[in-house]
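The values are calculated or read from the model by the stated rules, or taken from the named source; none is laboratory data. Computed from a predicted model, the values in this text were never measured in an experiment. Virtual Cβ from ideal backbone geometry, glycine too; neighbours counted across all protein chains shown. Only protein heavy atoms, including side chains, enter the accessible area calculation; ligands, DNA and RNA are left aside. Shrake-Rupley method; radii C 1.70, N 1.55, O 1.52, S 1.80 Å.
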Amino acid sequence: MIELQEVTLRYGNREILKRVSLTVEDNKIKAVVGPSGVGKSTILKLILGLIKPNSGKILIDGVDITPLKESQLYPIRRKMGIVFQGNALFDSLTVSENMGFFLRENLKLSEKEIERRVEEQIAFASLQGYETARPEKLSGGMKKRVAIGRAMIFNPAMILFDEPTAGLDPVSSKKILGLISSLRHKNNLGAVIVTHIIDDVFQVADSVAVLYKGEIIFDGETESLHDSTHPFIRSIVSEKILEQ
Ligand code: ADP
């Protein structure tokens, strides 16, 4: 479980997050939605311990990570996979090499076990036949599927997605959202999805937090968004897409 408790984050004298509290339960998909520049990616960086808040606590399975040193953060980070907005694939490596890269770097596994895990993720991401292709040969949706497979390969308990459908066509978006749903239903994983696309939220999220001007203005079941009277929430529910 991931919990942000009264987290405040400033860049210089700009307060980006103001006493933000948020809970992500195991085996659930939580969306964090808000306009561009509101601090959604910043929340993911805080959860990974890549940046520290000015005040407040960030608990991962009950452990406050805010005072931890870099070396103490490794076992915590291993519980979480991350899928970056731009995928962060290595252009010079094949699909299989990309998927296995961090396993080779970080865990002392036999080459046979690495190959088994890569094969499993290739099948999960429906990328059979593309094992030796390089990222430049792949469509946007396929690259995203490689990035998801790479995040899954450590068997994390939770996956963090930064704008998983940004820049994808509707068909590819649907496929990616289907894959994210299957993580939860078939693989029992939890996920945090930060997005400015409200359709993503309705398609996959169990619950949603809306971030607006540095504060959480809604946190509840996705369907309850329709009942909110907050003008910003009413506008995102009716217009479907937030201003970029
Ligand atoms: P979102 O993911 O919602 O688009 P971000 O979390 O990326 O927003 O950024 C939130 C705000 O913090 C933005 O205004 C951005 O310009 C600012 N910001 C992000 N990273 C830094 C940084 N390292 N230094 C200063 N400002 C930053």
*Using 1/(1 + (r/R0)^6) with R0 = 22 angstrom and r between the beta carbons of R134 and L107, what's the FRET efficiency to the nearest 0.05?*
0.35
*Once every DSSP H run of n ≥ 4 in the chain is given -39500 (n - 2.57) and the sum is divided by its residues, what mean residue ellipticity at 222 nm do you get, rounded to the nearest 500 deg cm²/dmol?*
-11000 deg cm²/dmol
*Quick one: net charge around A125, please, counting Lys, Arg +1 and Asp, Glu -1 for every other residue with C-beta under 12 Å from its C-beta.*
+2
*asked:* As I understand it, the value is the acute angle between the Cα axis of helix 140-152 and the longest principal axis of the Cα atoms of the chain; what does it come to in degrees, rounded to 10?
replied: 90 degrees
_Over the chain - Rg/Rh using Cα atoms and the Kirkwood inverse-distance radius_ = 0.97
_Area of Y74 that stays accessible when all protein chains are in place (1.4 Å probe, Å², to 10)_ = 130 Å²
_Computed accessible area, K69, all protein chains, 1.4 angstrom probe, square angstrom_ = 130 Å²
*asked:* How large is the accessible surface of S71 in square angstrom, using a 1.4 angstrom probe and rounding to the nearest 10?
replied: 80 Å²
*For E239 and L73 in the same chain, what is the full-extension length gain: residue separation times 0.36 nm, less their Cα-Cα distance, in nm?*
55.8 nm
*Would you mind telling me the share, in percent, of accessible area of segment 92-146 contributed by carbon and sulfur at probe 1.4 angstrom?*
48 percent
_What FRET efficiency comes out for S181 versus R10 if R0 is 45 angstrom and r is the Cβ-Cβ distance? Round to the nearest 0.05._
0.80
*Give, as a single signed number, the net charge of other residues whose beta carbon lies under 14 Å from the beta carbon of G39, with Lys and Arg counted +1 and Asp and Glu -1.*
+3
*In a solvent-free Debye calculation with one equal scatterer on each Cα, what is log10 I(q)/I(0) for segment 1-144 at q = 0.16, 0.17 Å⁻¹, listed in the order of the q values?*
-1.00, -1.07
_Label point distance in nm, S228-S55, each placed 7 Å from Cα along Cα→Cβ_ = 2.5 nm
